[in-house]
Structure formats: C-alpha cells, structure tokens
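Contents: one structure, followed by commentary.
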Amino acid sequence: MTFYKKTSVLVLIYFLLGNISYSKINFQIVMKINNQIVTSFDIEKESNYLLALNPKLKEVNRDELLKLAKRSKIKEMIRKSEILKYKELNLENDQITNVLKNIIQNLNFSSQAQLENYLKTFDVSINDLKKKIEIENEWKNLIYAKYSNSVKIDKADLINKIEKFSKEKFTFDYNLSEILFNKNQNISLEEQSKMILESIEINGFENTANLYSISDSSKVGGKIGWIKKNNLSLEINRELDKLEVNSFSPPIKIGNNYLILKINEIKKIPVKIDKQKELDKMIMIETSKQLDKFSSIFYNKIKLNSNISEF
C-alpha cells in the first residue's frame, strides 16, 4: 500500500471515529414518539430555539430548560404528524410572513436581517423558525376546519356590551401576559397554584409562562399584547381592576383551565368607536378563545393515543 493510500485510510478512520464519538455525545436517543426518534441534539436545538424567543430563559436552570424543550418538541411533533395526514408542509403558508413580523417586533428588531443574525447566535436558522411557524399556523387552520361550525357566538350580548361601552368617555387598553394551565390530577389546585406563583417569584413571569403555560403564547413568555378592556370578560376585568402595572392576578377559572394574567402596561384612551368594526373584532376574539379550547382538547386526545417513550 502506497503512502497516499495509507494516509487516506487513516484519515477516513479518523473521521469515522470522530463521528462515532460525536454521535455518542450529541445524538443519544432520548425519546421515541410513535415511530419517530428524538435525539439529545434535537432537544438541544429546541432549547436554543426557545432561548432565542425568550432570552430570559437563561435564568432557568438547565434541567428545567431541557424538560421544557422536551415538552415543546413533543407538542410540535404530534401536531406535525396530524397535519401531514391532510397536507404537505412546504413553507408556502402566507401567514408565515405576518408571524415573522410580529417576532421581529417582539424582539425589538427593525428588519429580518437583524433577526437572522440574532438567530445565528443560537445556532437557529431563519428556515428553522419558518418551519416551526408553519406548523403552528397549519395547526390553527386544521382546528378551524374541524371546529369552526361548533363555535357559538352570542351577537346580541356583544352588541349590548358595545352599546354600554360606547357611552363611556374613556376606556383602558391593557398590554397583557398570560399563564394558562390545566388542573393537575396528582395535586390539589391550591398546591399547583402555589407552585406556579412561587416560580413567578423565583424565575419571573415570562420564564414561568414558558415552564407551566399550555398556551401557544408560552414560547414568547406568555405575551399576548394589547387588548381593549371591553374585549375581556367581566370576571377578568374585575381582577384586572385590582391590579397595577407589573402585577399579576390570582388564578382565574376559564372553562376547564385556569388563567393568571400580568399587566405589562396600561393606556387610558378616549372612546372613539366604530360599532361594526368593534363587533367584528369582538367576534374574532371570542371565536379565537373557543377555538383555543377545542385545540387543547384535540391535542390532548391525540397525545393520549400517541406512543411516547423516554429513555
């Protein structure tokens, strides 16, 4: 064997050994969801993605972050598997651009180029982000297709609210964040609430939203954004009326779930109302609330019927 052939063989062996070693470190199988394998590399990448959307997660200990990444990956894979029964994913969903704009705004960037450079520091590409956005958008489209006919809107009640609201001189807009959670069957509601409230004190509201909230807003620290007072229920408004900026509510029962709200900012604004536009907006908000409930029920049903193994 010539010197060059020997060298080529040695180089090949070196890279093969290197790859084997690398796979042991970075590609250990940690989960199996139905027939799909999830490696430690996948979980590491998911944690980087979550950190990119909410940098405050750096304050959370690594074990908690990895648990969060696992839950996030499970939800994404189960949703994706269900979506693929009906359509292919090809990054051609028109809604992706709108969601990207919101993310750019939430992270206080002025362009997509800035976002791309920022994502690189977390080893996440813009295409990685777009794929995740597409799955979330197509899941919402799927839920709408399955359950839109089950949405019940009391237009008369909404119109009454608008009439009452239109007589006010001023109203309030709230910039809100949320933590939405299910009752854990293994502990009392009091214990569960105490655990979440203690986490808020230790880790902050945004990190606790990531750790405990079942809402899709959890990925951005529970941020909902600006909502008009008259678009919220009487029960929620009663709780918000007691709060100041940067304070949060006790758990509020919403259907089968519980909601903790934090006020980030408040604006007092004169009432100028287009009644038809306001009605359309309130119908859209109420529809979204009901579809979110159907989404949670449907996801939990699919998850229950999924084979999830952790190693």
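The values are calculated or read from the model by the stated rules, or taken from the named source; none is laboratory data. As the structure is a prediction and not an experimental result, all values here were calculated from the model. Cβ sites come from the backbone with ideal geometry, for glycine too, and all protein chains shown count toward neighbours.
Only one of the numbered conditions (1) closer than 30 Å to Asn230 by Cβ; (2) within 22 Å of the chain's Cα centre (by Cα) is violated by Ile159, and that is (2).
Taken over segment 149-196, the criterion of being in contact (Cβ under 8 Å) with a residue 40 or more places away in the chain and aliphatic (A, V, I, L, M) is satisfied by Val151, Ile153, Leu158, Ile159, Ile162, Leu176, Ile179, Leu180, Leu189, Ile196.
Filter segment 134-176 down to residues that are assigned to a loop (DSSP other than H, G, I, E, B) and under 27 Å from Lys268 (Cα atoms), then give me how many there are.
3
Per the conditions (1) assigned to a helix (DSSP H, G or I); (2) under 20 Å from Asn137 (Cα atoms); (3) at pLDDT below 95, the sole criterion not satisfied by Asn93 is (1). Residue pairs whose Cβ atoms lie under 6 Å apart, sitting 6 or more positions apart in sequence or on different chains, and linking a residue in segment 287-311 that is within 28 Å of Leu66 (Cβ to Cβ) to a partner that is part of a helix (DSSP H, G or I), are Ser295/Ile143; Ile302/Ile78; Ile302/Glu82; Lys303/Ile78; Ser306/Ile78. Screening segment 37-58 for residues that are in contact with a Lys or Arg (Cβ under 9 Å, 6 or more places away or on another chain) and not charged (D, E, K, R) and picking the one that is surrounded by the fewest Cβ atoms within 10 Å (Cβ to Cβ) gives Leu51. Close Cβ contacts (under 6 Å, 6 or more residues apart or on different chains) running from residues in segment 97-117 that are within 14 Å of Asn137 (Cα to Cα) to residues that are surrounded by 11 or more Cβ atoms within 10 Å (Cβ to Cβ) and of a type outside the set (Ser, Thr, Tyr) comprise Val99/Ile133.
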